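The values are calculated or read from the model by the stated rules, or taken from the named source; none is laboratory data. Values in this document were obtained by computation on a predicted structure and should not be read as measured data. Neighbour counts are summed over all protein chains in view; Cβ atoms, including those assigned to glycine, are modelled from backbone coordinates with ideal geometry.
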Amino acid sequence: MVAPPDNDILWARGLHHSYGTGTALAGVSLGVREGEILAVTGPRGSGKTTLLRCLSGQFAPSEGEVWFNSSPVHTLGARHRERLRLDRFGWIDTQPHLVAELTAWENAALPLLLRGEGGRAARNTAAEWLDRLDVGDCTRRRPAQLDQSQRQRVAIARALATTPQVLFADEPTAPLHRADATQVLRTLTTAARSHQITVVLATHDPEATSLADRTVALLDGRRSRGGAASAPDAESRAACSLSV
């Protein structure tokens with residue numbers, strides 16, 4: 001077994017995943033450095049979302065390895081993967097999935113409360129992120145009282161409130177108009193860099209890609225040459241380390 005490179009917070013090798021008879025991933029390998037913003041690009045159906053879900057432990061790959069901080073994720077049971085996602089990871093989906101009965105601040109604070117953080121501290125942190133995403137005046141409103149853009153901003157605030165080690169973002173600005181998307185993307189990337197949050201961003205938006213440190217392109221569940229990497233991929237780096 002090849003050991004993950006020391007400077008990769010996430011490392012995956014030979015990932016395969018299928019839905020019924022359809023193949024979503026077919027041997028994808030990559031590494032993500034700590035503090036890096038990595039854009040995963042490709043057309044619809046290329047495997048971007050499935051890759052993020054395997055890296056984050058939502059899916060267990062049918063074949064292959066996933067490592068986080070040099071510890072295996074692919075061998076963990078469902079309960080331990082869920083705990084890892086709560087304690088270490090953040091997730092932003094293409095569409096906001098908010099709890100209808102909770103207000104905006106309660107939705108944003110929910111992961112903190114689930115971790116056992118006190119109500120006042122959780123509320124203050126949630127309010128800070130809601131302010132930064134320009135929905136600070138919506139804290140007492142429930143999702144049904146918000147428009148699509150506001151709901152997505154609340155979902156992004158919820159993901160950032162925990163200051164995760166790794167933030168997975170699956171087309172996070174898809175529901176937003178161009179001007180809103182630009183502002184949210186810059187807030188997201190600025191927050192990631194200032195808090196040393198590693199970001200894995202699935203996108204087909206050129207503006208989002210331009211804000212990333214590196215790009216990996218997928219096509220039909222495989223790495224393609226469509227993304228220009230600024231450094232060797234995980235397998236190349238691991239091979240180099242073995243040859244020294």
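Side notes on the structure shown:
- Residue match in the range 80-91 (condition: hydrophobic (A, V, I, L, M, F, W, C) and assigned to a helix (DSSP H, G or I)): yes
- Scanning the range 30-51 for residues that are surrounded by 20 or more Cβ atoms within 10 Å (Cβ to Cβ) and either of a type in the set (Asp, Glu) or part of a helix (DSSP H, G or I) (or both) gives Glu36, Lys48, Thr49, Thr50, Leu51.
- Among all positions in the range 9-17, there is at least one residue which is β-branched (Val, Ile, Thr), in contact with a strand residue (DSSP E or B) (Cβ under 8 Å, 6 or more places away or on another chain), part of a strand (DSSP E or B) and under 21 Å from Thr203 (Cβ atoms).
- Verdict on Gly90 being loosely packed, with under 15 Cβ neighbours inside 10 Å, at negative phi and out of contact with any Gly (no Cβ under 9 Å at 6 or more places or on another chain): no
- Some residue of the range 170-179 being surrounded by fewer than 21 Cβ atoms within 10 Å (Cβ to Cβ), outside any loop (DSSP other than H, G, I, E, B) and on the phi < 0 side of the Ramachandran plot: yes
- Filter result for Arg123 (within 15 Å of the chain's Cα centre (by Cα) and basic (Lys, Arg)): no
- Taken over the range 103-141, residues that are touching a Leu at 6+ places or on another chain (Cβ under 7 Å) and part of a loop (DSSP other than H, G, I, E, B) amount to 1.
- Between Ala144, Ala157, the distinction of being over 18 Å from Leu112 (Cβ atoms) and of a type outside the set (Asp, Glu) belongs to Ala144 only.
- Within the range 142-169, being assigned to a helix (DSSP H, G or I) and of a type in the set (Gly, Ala, Ser) holds for Ala144, Ser149, Ala155, Ala157, Ala159, Ala161.
- Set Ala108, Ala100, Ala121, Ala78: member being out of contact with any Gly (no Cβ under 8 Å at 6 or more places or on another chain) and buried (at least 22 other Cβ atoms within 10 Å of the Cβ): Ala108
- Residues satisfying the stated conditions in the range 194-244, i.e. among the basic types (Lys, Arg) and modelled with pLDDT of 90 or more: Arg214, Arg222, Arg223
- Residue in the range 190-202 that is part of a helix (DSSP H, G or I), surrounded by fewer than 21 Cβ atoms within 10 Å (Cβ to Cβ) and in contact (Cβ under 8 Å) with a residue 12 or more places away in the chain present: yes
- Among the candidates Ala78, Ala60, Ala24, Ala108, residue that is over 15 Å from the mean Cα position of the chain (by Cα) and under 27 Å from Arg153 (Cα atoms): Ala108
- Put simply, of Arg222, Arg153 the only residue that is among the basic types (Lys, Arg) and either within 15 Å of Arg132 (Cβ to Cβ) or free of Cβ contacts under 8 Å to residues at least 24 places away in the same chain (or both) is Arg153.
- Residues of the range 159-183 classified as of a type outside the set (Ser, Thr, Tyr) and more than 15 Å from the chain's Cα centre (by Cα), total: 8
- Annotation: Leu185 fulfils all but one of (1) aliphatic (A, V, I, L, M); (2) within 24 Å of Cys54 (Cα to Cα); (3) in contact (Cβ under 8 Å) with a residue 40 or more places away in the chain; the unmet one is (3).
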